[in-house]
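A.B. asks: Have a look at this one.
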Amino acid sequence: MAAQAFTKNHSDHSNDKGYQFEFFCDKCGNGFRSSYVTSKLGLAATFLGAAGDMFGGALSQAAHAGNRMKDALRGKGWDDAFAAAIAEIKPKFKQCTRCGHWICPQVCWNAPASLCKACAPDLAEESAAAQADALRFQVASQMHSKAASADLVGNLDI
């Protein structure tokens, strides 16, 4: 199998019956899940297992053989499904040429700069965040001053 790019941040949701993967943005963690790909051998083994439980004999032996065959071929089936999942999901991300991270374009990509927002912050967002920080500081400062000047024990009989 050829080397695969775009494989750092993913989770494997595969099971005995098929394959599915989820890939995440390196900055915010948002993700996209690939389509579920049914494992033909896994499905056949499950069907034969159910039939074998009902009827026994040769069907039961075929189910066990199917499970062994599925396990033997799991590597190739998983590799093929993983490559297909990468091909499906990779276009949903952008790679920052400065830091190399794979970024979701909806939240973490600065389109005008063609870089991620960690490497090229969005100036409008940064300005709004700075204004909000300044406002929070000003409100906290005024509240602290008002609380410090308040007579908190005036009605106590000491």
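The values are calculated or read from the model by the stated rules, or taken from the named source; none is laboratory data. This one's a predicted model, so the numbers in the text were calculated from it and none came from an experiment. Please note: Cβ atoms are built from the backbone with ideal geometry, for glycine as well, and neighbour counts cover all protein chains shown. SASA here: full protein model, heavy atoms, side chains in, ligands and nucleic acids out. Shrake-Rupley method; radii C 1.70, N 1.55, O 1.52, S 1.80 Å.
A.B. asks: From the list R98, R74, exactly one residue is open to solvent by 90 Å² or more (accessible area, probe 1.4 Å), at pLDDT 95 or above and charged (D, E, K, R). Which is it?
C.D. replies: Going through R98, R74 in turn, just one is open to solvent by 90 Å² or more (accessible area, probe 1.4 Å), at pLDDT 95 or above and charged (D, E, K, R): R98.
A.B. asks: Taking K117 as the residue in question, decide whether it is touching a helix residue (DSSP H, G or I) at 6+ places or on another chain (Cβ under 9 Å), at pLDDT 95 or above and surrounded by 16 or more Cβ atoms within 10 Å (Cβ to Cβ).
C.D. replies: When the stated conditions are applied, K117 passes them.
A.B. asks: Any idea which residue in region 97-123 is nearest to N30 (Cα to Cα), counting only those that are outside any loop (DSSP other than H, G, I, E, B) and not aromatic (F, W, Y)?
C.D. replies: Filtering first and then ranking leaves I103.
A.B. asks: Return the residues of region 30-49 that are at pLDDT 90 or above and either open to solvent by less than 40 Å² (accessible area, probe 1.4 Å) or in a helix (DSSP H, G or I) (or both); say none if nothing qualifies.
C.D. replies: G31, S34
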